[in-house]
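Rule-based calculations on the coordinates, nothing more; no lab input. Please read all numbers here as calculations on a predicted model, not as lab measurements. Quick reminder, even Gly has a Cβ in these numbers, built from the backbone with ideal geometry, and neighbours come from all protein chains shown.
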């Protein structure tokens, strides 16, 4: 049986010494161009897509690539291939063909050439991965499996969503627009869980890349980021608010109004409260249930910058009469 040799490097348009990164980039570029979903009823594009996937299946795998490279560039001139154990039955002859002496070719989606060389090694499966967070057009074929020609699930997409602290705290529905790498865009309605934390992922089922040959679409995962806030800072699940106090409020105690994401609350400041002390408003942070954080109130004593003559006199009188020493 004669089977035509396939030049996998030529199929991907790369040199033999190309790095894995160069091979991956070449594959992705060609896969986008010839994917059947983008070329419906185009048999030539479908065959080209199969060749591209077969070439990538070999060249991305160190062991397959090593065995393939052992064929050498002179295989057309009758070079005898002496491969690893299990390859003794392959005799490569003139004209880009070989004679198979230890069984028949496989019947999978790959070519007879691939099956005779690598059929016993199995396949590495789908070219799975995730699209970049900048949009939803980075790698539409990351979830495509080269195994078989039946329905294949589409690839997942991972992007990001930036929420205000208020939106993360309260949750609810939010409309977003995702920009694709090709300049296209789509709008989606996302249900934001109440108290969602930065780094959490929101899954939108069926909103990933379309499936292949009628397979289901993949999912879209939105990684949550929370925008900086003018008033609050995040410390894990806790929300930190800095409360300025006048010196006399800290010394004598006071009742002050403190903002929270649920509205203002009255906070009791005990006499002698020092700067840097943290007060806690329970269950007013991010998270839910037992894992819900708090709002922390950081006391910061603020001294007046400008004093009237009468105020300065009074402060001097207080300083003269006070026995308090800030430093030992």
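Results, tabulated for the structure shown:
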{"item": "Förster radius 35 Å - calculated FRET efficiency between residue 15 and residue 213 (Cβ-Cβ, nearest 0.05)", "result": "0.60"}
{"item": "DSSP bridge orientation in region 176-328 - percent antiparallel, rounded to nearest 5", "result": "75"}
{"item": "Three-way shape call for region 212-303 based on the alpha-carbon gyration tensor, with the a/c threshold at 1.5", "result": "prolate"}
{"item": "Relative packing of peptides 265-277, 312-324, 58-70 - highest average C-beta neighbours within 10 Å first", "result": "58-70, 265-277, 312-324"}
{"item": "Global geometry of region 170-245, whether rounded, prolate or oblate, following the gyration tensor of its Cα atoms and the 1.5 cut on a/c", "result": "prolate"}
{"item": "Ordering of 227-236, 281-290 by burial proxy (mean other Cβ atoms within 10 Å per residue, highest first)", "result": "281-290, 227-236"}
{"item": "Rg followed by Dmax, in Å, when region 259-328 is reduced to its Cα trace", "result": "18.2, 55"}
{"item": "Cα-projected label distance for residue 262 with residue 46, points at 7 Å along beta-carbon direction, nm", "result": "6.0"}
{"item": "Relative contact order (percent, whole number), region 176-299, Cα cutoff 8 Å, 6+ residue spacing", "result": "21"}
